[in-house]
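Below is one structure, written out as structure tokens; the observations come after it.
The values are calculated or read from the model by the stated rules, or taken from the named source; none is laboratory data. Just so it is clear, the structure is predicted and the values come from calculations on it, not from any experiment. Quick reminder, even Gly has a Cβ in these numbers, built from the backbone with ideal geometry, and neighbours come from all protein chains shown.
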Amino acid sequence: MVVFGRIITCGNITQGLFPSKTWTCADISVNGANLAYGYNIGSLGVVECQETKGKHEFATLCRELLSIIGVKTPLWAVYIPKATCGKDPRNRAILTKTSNSEFIWEDREPGFGYIHTIQCMVKHDL
């Protein structure tokens, strides 16, 4: 799948049902790099996982992935059930929003914090 010019791969995309339909992208990568992850500075006292300063566009990434697989129901929630603040020896990538409200991928050097799994939940049909 191509999102904003980068190839997104999932080890497996599965559909599940939690409070609503949810798609899981396990072992996510961006052009072969891990998806960078971290917290806001000062959050939880975790020093190693602050390189991204908590600036992630995971909702936009989920919307794009859902659109590619033909899901038209609006996004309700994004979950990151499997991430680590461990050191990643590979380069990482992160989706960011520019001041012009455009989305771009930023390449990151090896560092602390990356995602293994992202889950995208859509609004529940009542």
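Computed values, structure above
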| quantity | calculated |
| --- | --- |
| Within the range 31-51, considering residues that are of a type in the set (S, T, N, Q), assigned to a loop (DSSP other than H, G, I, E, B) and modelled with pLDDT of 75 or more, the one surrounded by the fewest Cβ atoms within 10 Å (Cβ to Cβ) | 31 |
| Hits in the range 2-30 - residues which are outside any strand (DSSP E or B) and either under 19 Å from residue 92 (Cβ atoms) or acidic (Asp, Glu) (or both) | 4, 5, 10, 11, 27, 28 |
| Verdict on residue 11 being surrounded by fewer than 18 Cβ atoms within 10 Å (Cβ to Cβ), within 15 Å of the chain's Cα centre (by Cα) and over 21 Å from residue 106 (Cβ atoms) | yes |
| Sole residue being touching a helix residue (DSSP H, G or I) at 6+ places or on another chain (Cβ under 7 Å), among the hydrophobic types (A, V, I, L, M, F, W, C) and within 16 Å of residue 30 (Cα to Cα), chosen from 68, 118 | 118 |
| Residues that are among the acidic types (Asp, Glu) and either surrounded by 12 or more Cβ atoms within 10 Å (Cβ to Cβ) or in contact with a Phe, Trp or Tyr (Cβ under 6 Å, 6 or more places away or on another chain) (or both), drawn from the range 69-126 | 88, 106, 107 |
